[in-house]
Amino acid sequence: MYKRIINSTFYPVFENKFILMKALFLPLLSIIVLSELILKYHESGFIVIFLSILTFLLNITIAITTHRILLLGQDSIPPWGLFKFGGREFSFLITSIAIGLTIGVVVLFGAIPMMFMPESIIPQIILVIAVFFATVFFSRLSLALPSIAINKEISISDAWDYTKNYKLLTYFTIVIFPTIFTIILGIGYQLAIGFLIKVISPKLNILYPVLDVFITVFIVSALSATYKVIKEDHPEYFEKITRQENDALIINNKNRILVDTKKTPLSFEIIKNELIKQYEELGFTNTIVDKEDSWMIKNPEIKNAYVSLSFNKSQYKVEAYNIKEADLNLFSKEKEV
């Protein structure tokens, strides 16, 4: 699952690189202009605060745009990105502030002992523990953000509940992995930008906002990938699906189909055989896993591509990675959700 999320962090970004570049061009250009204005008017506190708020709002639109492209595709946004700050954006903003205040309060309480024992190591240890718990809160509550971005809004309390079985996963994919990526990429590119500024021109400091947006896109992508995996495992968290006692749910990345097993015979073997028919002609003939509740095939000539089927609690999950989605029309005579 960890490898799946890491792959899903990078692959969709590179796959949609031109769409992202076009959609984020104007917000990035605006951030560059605002950065220059902040440097110019740095002595005026009010102007700096105002410009910083505008920059933050632009970053909100960048995050929402990235989430929507990666989770819903290019048709989910206008070609040149989002410019309207409506209810969705306001909800994203309020939720971001709520998450920020939550982790800020945790860190603040952890810092209080340092006011009374500044020379002792104990308050420092308490502060480190508080920062750790703050990052735990962030990793679990931030799942609400991609859901808001794609108009499947859940509250931060829902996000807390939905991640209770994914604590280590969310901490790694939302905190540890993006932090390592940011440090490695950030240090390398900051040194490169600093060198260019000294050698060529100080005006190349506009590359710093470009680097910030570039890193932001990958951090958002990691959150999108985590959201996507949890949603695939538990679509009932994010979709209002009404299931009867005899209903079985078949899902892939695009469709969710309920099948009344009283009317239509359905089993793991039936779905597996249908997938074999669909993918044999594409060269997927190498069976990697073949168990009662999990199955996977690969094409020996294509690396990093597979088709899998898993079953859990009347739910069949079909996953086609780096290959076209499975056609579930065989079951579409039942109700699609």
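For the chain, what size does the Cα cloud have along each of its three principal axes, sorted from largest down, in whole Å?
72, 49, 39
Could you work out the relative contact order of the chain? I mean the mean sequence separation of Cα pairs under 8 Å and 6+ apart, divided by the number of residues, in percent.
Relative CO of the chain lands at 15 percent.
On a 0 to 90 degree scale, rounded to 10, what angle separates helix 207-233 from the longest Cα axis of the chain?
On a 0 to 90 degree scale, this one is about 30.
Once amide H atoms are placed 1.01 Å from N in the peptide plane, what residues at a sequence separation of 5 or more from S142, or on another chain, have their amide H within under 5 Å of its amide H?
The answer is none.
Under the 0.36 nm per residue contour assumption, what length would be gained going from the current alpha-carbon distance of S294 and S157 to full extension?
The S294-S157 span can extend by a further 46.1 nm.
Can you give me the distance in nm between label points at L29 and E119, each placed 7 Å from the Cα along the Cα-to-Cβ direction?
About 5.9 nm separates the two model spin labels.
Distance between the C-alpha centers of the range 1-61 and the range 168-190? Whole Å please.
Answer, in whole Å: 17.
Based on the Cβ-Cβ distance from N165 to F109, what FRET efficiency comes out when R0 is 25 Å, to the nearest 0.05?
0.35
Output the 0 to 90 degree angle, nearest 10, between the alpha-carbon long axis of helix 121-141 and the longest principal axis computed from the alpha carbons of the chain.
40
Okay, which of the range 61-85 sit inside 15 Å, backbone N to the point 7 Å along the Cα-Cβ direction of D327?
From the range 61-85, the list is empty.
Measure nothing fancy, just the Cα-based angle from helix 177-199's long axis to the longest principal axis of the chain, in degrees from 0 to 90, nearest 10.
For 177-199 against the chain, the angle is about 50 degrees.
Could you compute how fast the range 247-336 diffuses translationally, taking Rh as the Kirkwood radius over C-alpha pairs and applying Stokes-Einstein at 4 °C with viscosity 1.567 mPa s? Give it in µm² per second.
Details: Rh = 13.3 Å.
So the translational diffusion coefficient is about 98 µm²/s.
How much mean residue ellipticity at 222 nm does the chain get from its helices, if each DSSP H run of length 4 or more adds -39500 (n - 2.57) and you divide by all residues, to the nearest 500 deg cm²/dmol?
Mean residue ellipticity, 222 nm, calculated: -20000 deg cm²/dmol.
Below 8 Å between Cα atoms, with a sequence gap of 6+, how large is the relative contact order for the range 24-111 in percent?
Worked out over the range 24-111, it gives 27 percent.
Using alpha-carbon pairs under 8 Å, 6+ residues apart, how would you state the relative contact order of the range 247-336 in percent?
31
A short reminder: the numbers here are calculations on the coordinates, not readings from a lab. These figures come from a predicted structure and were not determined experimentally. Heads up, the Cβs are rebuilt from the backbone with ideal geometry, glycines too, and the neighbour counts pull from every protein chain shown.
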